[in-house]
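The values are calculated or read from the model by the stated rules, or taken from the named source; none is laboratory data. The structure displayed is predicted, hence computed values, not measured ones. Cβ coordinates were reconstructed from backbone atoms using ideal geometry, including for glycine residues, and neighbour counts include every protein chain displayed.
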Amino acid sequence: MIYICIPTYNEGQTIGVLLWRIRRVFQDYSREYEIIVYDDGSTDGTRATLEPYSEVIPLTILRGETCQGYGVAVDKLVREVSRRTRYARRDALIMMQADFTDQPEHIPELVKRFEGGADIVAAKQELTEAPAPVRRLHRFAEWMQRAGLPKTDAADPFTTYRLYRISVLRELLKTIGDKPAVTSTGWAANMELLLKARPFARRIENVDLAPRYDVRTRQTRVRPVADALNLFRFSRRARLLAAPAGGAA
């Protein structure tokens with residue numbers, strides 16, 4: 001089973017089309033799949049848009065009554081998939097954005113690396129066409145890495161588009177109990193989950209997957225100053241966030 005996990009906040013303009021594109025991918029790709037959307041207290045038409053799709057595709061909708069942020073959404077999705085999977089070694093979670101930046105047509109490439117033995121598959125995304133705020137934040141993130149952030153084996157540890165073997169996430173959740181899997185927000189949340197899951201993964205692979213910023217219907221939500229400050233705060237505790245050494249079960 002491939003679980004496609006989508007954190008969502010006010011993506012009513014794109015989420016329906018994205019779900020349909022994922023459905024088309026799996027019509028031509030013989031793998032069992034389920035889509036799980038976490039709606040983080042959206043105030044636009046996201047909820048109304050999602051409802052009809054649950055009748056025609058394998059879709060589960062999780063809802064937060066108020067917006068609690070990206071990190072909370074990631075934590076909820078990781079725990080839900082870990083709870084419901086029957087074959088943790090054979091199943092995978094793919095995290096992707098709801099705004100068309102991450103392309104559903106790239107899912108088979110992520111799964112191919114997973115079926116080849118990778119426990120984590122991380123997208124390496126070229127940002128030459130990204131909006132200026134995204135490029136500025138990415139340059140700062142690269143500087144932070146060189147300045148001493150822990151190694152993750154991922155070429156781009158801040159990207160959202162990533163596949164995890166669910167047994168790796170289950171082992172992580174066993175070690176932290178009821179504590180949140182992710183406490184950071186924004187890009188730092190993506191790296192935090194990767195740092196915590198890495199000790200339980202035998203192999204991490206990178207794959208070049210070009211994001212699309214030209215098809216989004218809204219402006220980027222990246223705030224270079226505020227998000228850079230979040231990354232800086234994260235870097236001060238990043239070495240303490242890695243899970244204890246262990247192996248995937």
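Considering every residue within the range 101-117, establish whether at least one is modelled with pLDDT of 65 or more and either hydroxyl-bearing (Ser, Thr, Tyr) or closer than 18 Å to Tyr70 by Cα (or both). Yes: one or more hits. Of the residues making up the range 9-49, those that are at pLDDT 95 or above and hydroxyl-bearing (Ser, Thr, Tyr) are Tyr33, Tyr38. State whether one or more residues within the range 44-51 are over 13 Å from the mean Cα position of the chain (by Cα) and either of a type in the set (Asp, Glu) or closer than 19 Å to Glu205 by Cα (or both). Checking the range 44-51: at least one residue is over 13 Å from the mean Cα position of the chain (by Cα) and either of a type in the set (Asp, Glu) or closer than 19 Å to Glu205 by Cα (or both). Output the residues belonging to the range 178-229 that are closer than 26 Å to Ala118 by Cβ, at pLDDT below 85 and not in a helix (DSSP H, G or I). Hits for the range 178-229 are Ser184, Leu209, Ala210, Pro211, Arg212.
The rows are residues; the columns are (1) under 29 Å from Thr175 (Cβ atoms); (2) free of Cβ contacts under 8 Å to residues at least 12 places away in the same chain; (3) crowded, with 22+ Cβ neighbours inside 10 Å.
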{"position": "Cys5", "(1), (2), (3)": "yes, no, yes"}
{"position": "Val25", "(1), (2), (3)": "no, no, no"}
{"position": "Ser30", "(1), (2), (3)": "no, yes, no"}
{"position": "Glu51", "(1), (2), (3)": "no, yes, no"}
{"position": "Glu55", "(1), (2), (3)": "no, yes, no"}
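Which of the helices (runs of 4 or more DSSP H) contained wholly in the range 1-98 include at least 1 residues that are more than 27 Å from Leu209 (Cα to Cα)?
46-50, 70-84
Residue count for the range 57-70 satisfying the condition of being surrounded by fewer than 22 Cβ atoms within 10 Å (Cβ to Cβ) and either in contact (Cβ under 8 Å) with a residue 40 or more places away in the chain or charged (D, E, K, R) (or both): 5.
Can you find a residue in the range 139-147 that is within 18 Å of the chain's Cα centre (by Cα) and modelled with pLDDT of 65 or more?
No, the range 139-147 has no match at all.
For the range 53-78, a tally of residues being over 20 Å from Ala189 (Cα atoms) and either within 12 Å of the chain's Cα centre (by Cα) or not acidic (Asp, Glu) (or both) returns 8. Going residue by residue through the range 83-92, is there one that turns out to be surrounded by fewer than 22 Cβ atoms within 10 Å (Cβ to Cβ), under 22 Å from Gly69 (Cα atoms) and either charged (D, E, K, R) or at pLDDT below 95 (or both)? Looking for residues that are surrounded by fewer than 22 Cβ atoms within 10 Å (Cβ to Cβ), under 22 Å from Gly69 (Cα atoms) and either charged (D, E, K, R) or at pLDDT below 95 (or both), one finds at least one in the range 83-92, hence yes.
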